[in-house]
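**Student:** Take this structure, written in structure tokens, and hold onto it; I'll ask about it next.
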Amino acid sequence: MVELCRLSRARAVVLALAVGVVSLAPPASADGAGLDASDFRVRVQAALKLGKQGGASAREALERGLKDTHPAVRVACAVALGSIGESAAIPALQRATRAESTASVRATMAQQVDKLRARASSAARPAGSVAKARYVVQLGTMRNNTAVRAGGLDGVMRDVARRRAESIKGALVVDASDEATVKTAAARHVPVLLLDGNLTQLTQTSGKAGGVVVTARVSISVRSAPQHTLKGIVTGAASATDTARARNEPSAIAELQSRALAGAMESAVGSVGNAIDGFAK
């Protein structure tokens with residue numbers, strides 16, 4: 001099967017059951033005809049076959065499959081896109097991650113985005129870039145530890161963390177899956193710092209004139225890699241406001257949540273950058 005080892009046991013069982021019971025499914029064509037089958041188990045197998053076949057047509061069919069009505073099919077399509085390995089699939093996976101309501105499926109989609117990013121970053125990285133770096137900043141897990149189950153918040157954390165970390169002078173930013181760069185950095189005695197982010201608070205309160213205020217608080221643990229020795233913890237907080245009309249508009253609330261979270265992450269990663277020399281010792 002395709003990289004089931006990367007899934008949690010629960011998701012692996014769901015996917016394995018969905019695939020294992022199918023023995024007479026028609027072969028998947030490059031244009032994704034198998035993804036139109038009425039039986040979700042046939043659609044799962046078709047997605048996995050498309051992942052092995054590869055090509056632009058297969059990728060486009062799998063991107064459409066990310067909107068399938070069954071979570072096992074969406075998982076299979078995401079994993080298959082990761083197997084094809086084309087960075088062109090990242091935008092579709094990101095959109096699907098933000099729209100996904102099932103936490104386990106959302107996590108799998110985010111994993112595949114990280115995988116594709118790491119592959120693209122490695123391919124684009126010029127030889128000797130590690131040797132030229134003063135630090136390697138590795139983006140680890142980004143978790144929403146609040147009771148707010150809004151989709152895509154972990155993706156907002158990762159996107160902002162990457163953008164802000166890339167502005168740190170002398171920093172080479174890589175994903176957690178990029179073990180090769182970490183090993184190269186260790187061999188060259190270039191400090192590697194692993195950043196794990198946690199959304200610790202996301203609250204909604206009333207502002208002036210009945211407006212809405214969303215406040216986000218985050219913490220980022222900084223560890224040296226590959227030893228994972230804790231070097232410090234930084235925090236960040238930010239708020240976003242809108243008029244009273246936002247109370248009855250879920251999309252407006254979601255936008256406020258993203259804006260507040262982005263601001264909190266900007267603050268926290270900025271603090272990492274300000275203290276990076278101390279963390280790197």
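The values are calculated or read from the model by the stated rules, or taken from the named source; none is laboratory data. This structure is a prediction, so every number in the text was calculated from the model and none was measured. Backbone-built Cβ (ideal geometry, glycine too); neighbour counts: all protein chains shown.
Per-residue answers, yes or no, for (1) among the polar types (S, T, N, Q); (2) more than 25 Å from ASP36 (Cα to Cα); (3) without any contact (Cβ under 8 Å) to a residue 12 or more places away in the chain; (4) not assigned by TED's automatic domain parsing to the domain that holds LEU256:
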position: ARG59; (1), (2), (3), (4): no, no, no, yes
position: GLU63; (1), (2), (3), (4): no, no, no, yes
position: ALA80; (1), (2), (3), (4): no, no, no, yes
position: GLN94; (1), (2), (3), (4): yes, no, no, yes
position: ALA103; (1), (2), (3), (4): no, no, no, yes
position: THR108; (1), (2), (3), (4): yes, no, no, yes
position: GLY140; (1), (2), (3), (4): no, yes, no, no
position: VAL160; (1), (2), (3), (4): no, yes, no, no
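**Student:** When region 184-221 is examined, which residues are found to be closer than 22 Å to LYS132 by Cα and in contact (Cβ under 8 Å) with a residue 40 or more places away in the chain? Talk me through it step by step, then tell me what you get.
**Tutor:** First pass over region 184-221, keeping only residues closer than 22 Å to LYS132 by Cα: 184-195.
Passing the criteria: THR184, ALA185, ALA186, ARG188, VAL190, PRO191, VAL192, LEU193, LEU194, LEU195.
**Student:** If you check SER258, SER239, SER221, SER251, which single one turns out to be in a helix (DSSP H, G or I), in the same structural domain as VAL173 (by TED's automatic domain parsing) and surrounded by fewer than 19 Cβ atoms within 10 Å (Cβ to Cβ)? Talk me through it step by step, then tell me what you get.
**Tutor:** Numbers: SER258 fails: surrounded by fewer than 19 Cβ atoms within 10 Å (Cβ to Cβ); SER239 fails: in a helix (DSSP H, G or I); SER221 fails: in a helix (DSSP H, G or I).
The conditions single out SER251.
**Student:** If you don't mind, another one. Considering ALA185, ALA180, ALA209, ALA216, which residue is surrounded by fewer than 15 Cβ atoms within 10 Å (Cβ to Cβ), assigned by TED's automatic domain parsing to the domain that holds ARG149 and either closer than 25 Å to ARG117 by Cα or at pLDDT 90 or above (or both)? Spell out how you get there, then give the answer.
**Tutor:** Working: ALA185 fails: surrounded by fewer than 15 Cβ atoms within 10 Å (Cβ to Cβ); ALA209 fails: either closer than 25 Å to ARG117 by Cα or at pLDDT 90 or above (or both); ALA216 fails: surrounded by fewer than 15 Cβ atoms within 10 Å (Cβ to Cβ).
Matching residue, one of ALA185, ALA180, ALA209, ALA216: ALA180.
Table: residues versus (1) of a type in the set (Val, Ile, Thr); (2) within 22 Å of GLY155 (Cβ to Cβ).
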| position | (1), (2) |
| --- | --- |
| LEU195 | no, yes |
| THR200 | yes, yes |
| ILE220 | yes, yes |
| PRO226 | no, no |
| ILE233 | yes, no |
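**Student:** Right, next: Can you name the residue in region 237-261 that is within 20 Å of the chain's Cα centre (by Cα) and small (Gly, Ala, Ser) and, of all such residues, is modelled with the highest pLDDT?
**Tutor:** ALA260
**Student:** Checking MET142 against (1) modelled with pLDDT of 90 or more; (2) touching a Leu at 6+ places or on another chain (Cβ under 7 Å), only one condition comes out false. Which one?
**Tutor:** The single condition MET142 does not satisfy is (2).
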